[in-house]
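Structure first, commentary second.
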Amino acid sequence: MGSIFAYGCSSVGRASVSKTECRAFESLLPCKKYPHMKIVEYFNETYSELVHKVSWPTWKDLQSSALIAMIASLLIAVVVFLMDISFENIMEFIYKLLY
């Protein structure tokens with residue numbers, strides 16, 4: 001057995017039982033690696049996947065999702081503002097009673 005890197009990148013496998021081989025690990029499911037893949041190939045494959053395999057939302061779906069996010073953000077901001085004002089008034093009332 002050789003190095004753990006020579007057999008793949010899977011964590012599923014079997015460890016060597018020999019005491020002379022230290023902690024060598026033979027992968028049962030080696031990863032398919034492309035050691036000579038060039039950067040241009042990588043970008044071409046990435047572009048192809050983004051264009052042909054990813055399902056992008058329609059413009060109408062995108063607009064409705066953005067509108068929902070803006071309304072939710074506005075509601076949360078109003079709730080936080082009201083809580084801040086309430087606690088400020090409550091604390092002011094308590095301090096007036098104590099001092």
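The values are calculated or read from the model by the stated rules, or taken from the named source; none is laboratory data. Quick caveat: nothing in here was measured; it's all calculated off a predicted structure. Backbone-built Cβ (ideal geometry, glycine too); neighbour counts: all protein chains shown.
Below, the figures for the structure above:
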| read-out | value |
| --- | --- |
| Residues of the range 70-99 satisfying the condition of being of a type in the set (Phe, Trp, Tyr) and either outside any helix (DSSP H, G or I) or within 41 Å of the chain's Cα centre (by Cα) (or both) | Phe81, Phe87, Tyr99 |
| Phe81 surrounded by 10 or more Cβ atoms within 10 Å (Cβ to Cβ) and modelled with pLDDT under 95 | no |
